[in-house]
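What follows is a short report on a single structure.
Please treat every number below as a calculation from the coordinates, not as lab data. No experiment lies behind these values; they were computed from the predicted model shown. All Cβ positions, even for glycine, are placed from backbone atoms using ideal geometry, and neighbour counts span all protein chains on display.
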Amino acid sequence: MPSYDTFVSALETRFDFHSARVVAKDAVKSAGLEDRTDWTDDELKLAAANIPSVGKDLRPVLERLGLAQPEGEPTSN
């Protein structure tokens with residue numbers, strides 16, 4: 001089950017320890033969520049959708065969360 005810790009861990013693929021937590025707090029606050037241990041898949045998607053734009057490629061974060069297809073795979077429209 002996804003959680004705040006899952007989210008932070010994924011952010012650590014692109015950010016250092018402290019920055020991942022700052023970005024997570026901002027995203028969670030923007031999404032109107034809490035940093036609890038039991039999120040639904042929809043809450044995880046909402047948190048990911050609220051990651052502040054920081055000029056970094058967030059594909060690795062989204063892939064780690066299972067929310068993006070790996071590079072090179074076709075997207076379905």
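Where does the chain land on the Kirkwood hydrodynamic radius, alpha-carbon pairs, in angstrom? Spell out each step's value before the answer.
Working: mean 1/r = 0.0797 Å⁻¹.
Taking the inverse mean of 1/r over all distinct Cα pairs, the chain comes out at 12.5 Å.
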field: Among V28, F7, G66 - extreme Cα towards positive end, dipole of the chain, charges at beta-carbon
entry: V28
query: What does the charge add up to near P52, with Lys and Arg as +1, Asp and Glu as -1, over the other residues with Cβ less than 11 Å from its Cβ?
result: +2
In range of the label at T37: residues from region 1-26 whose backbone nitrogen is under 18 Å from the point 7 Å along Cα→Cβ: 1-10
- line: S19 neighbourhood, Cβ < 13 Å, K/R = +1, D/E = -1, net charge +1
- prompt: How large is the charge dipole for the chain, taken about the Cα centre, if only the Cβ atoms of Lys, Arg (+1) and Asp, Glu (-1) carry charge, to the nearest 20 debye?
  reply: 240 debye
task: With an 8 Å cut-off on Cα pairs and a minimum separation of 6 or more residues, tell me the relative contact order of region 1-60 in percent.
output: 45 percent
Spacing of the two label points (7 Å from each Cα toward its C-beta) at K29 and T13, in nm: 2.6 nm
